[in-house]
1. Angle check, please: helix 4-13 long axis (alpha carbons) against the longest principal axis of the chain (alpha carbons), in degrees 0 to 90, nearest 10.
2. Please list, in order, the residues from region 43-57 whose amide nitrogen is less than 12 Å from a point placed 7 Å along the Cα→Cβ vector of Val67.
3. Hey, of [x] 39, 21, 10; [y] 20, 13, 12; [z] 22, 15, 12, which did the structure itself give for semi-axes √(5λ) of the Cα gyration tensor in Å when calculated?
4. Taking springs between alpha-carbon atoms closer than 10 angstrom, which of Ile80, Ile59, Ile13 fluctuates most in the Gaussian network model of the chain?
5. Please give me the summed charge of the neighbours of Gly36: other residues whose Cβ is under 12 Å from its Cβ, Lys and Arg +1, Asp and Glu -1.
6. Once phi is turned into ³J(HN,Hα) by the Karplus curve 6.51 cos²θ - 1.76 cosθ + 1.60 with θ = phi - 60°, what whole-Hz value does each residue of region 26-36 show in order, with x for glycine and proline?
7. Compute the relative contact order of region 4-79 as a whole-number percentage, counting only Cα pairs closer than 8 Å that sit 6 or more residues apart in sequence.
8. Treating only the Cβ of Lys, Arg, Asp and Glu as charged (+1, +1, -1, -1), what charge dipole size does region 4-79 show about its Cα centre? Round to the nearest 20 debye.
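Derivation of every value follows stated rules applied to the coordinates shown; laboratory data play no part. Bear in mind that the values here come from a model prediction, so they are computed numbers and not experimental data. Every residue, glycine as well, gets a Cβ built from its backbone with ideal geometry; the counts of neighbours run over all protein chains shown.
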Amino acid sequence: MANLIPLALLGVIYVFLFLPQQRKAKAHRALVASLGEGDEVFLECGIHGFIGATEDNVIWLEVADGVELKVNRASVAARIEDPEPAAVSD
């Protein structure tokens with residue numbers, strides 16, 4: 001019985017600390033792998049832009065007309081999805 005309490009505590013710590021972090025990392029890897037030209041993204045530092053070209057671990061991010069930044073794929077925080085069209089109410 002004395003050995004059961006520490007094992008249960010380790011199980012609770014694993015479920016509440018490690019599993020959510022692993023899920024978040026898996027979702028980020030899937031996002032980074034699915035990036036393509038024309039996607040609107042923002043970086044962890046807050047820069048927004050459109051992907052102009054992709055290489056192995058590098059993307060070229062167009063932040064303004066004629067201004068491109070060379071950034072690491074892993075620095076992409078999220079893809080910006082087009083908002084749903086607003087329903088017109090009469």
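1. That works out to roughly 10 degrees.
2. 47-49
3. Answer label, from the structure shown: [x].
4. The residue with the greatest mean-square fluctuation here is Ile13.
5. Details: positive: Arg73, Arg79; negative: Glu37, Asp39, Glu40.
With Lys, Arg at +1 and Asp, Glu at -1, the neighbours total -1.
6. 3J(HN,Hα) across region 26-36, in whole Hz: 5, 5, 5, 4, 5, 4, 4, 5, 8, 5, x.
7. Working: 89 pairs, mean separation 18.0, N = 76.
Averaging sequence separation for qualifying contacts and normalising by length gives 24 percent for region 4-79.
8. On the way: 7 positive and 9 negative charges, 132 e Å.
Rounded to the nearest 20 debye, it is 640 debye.
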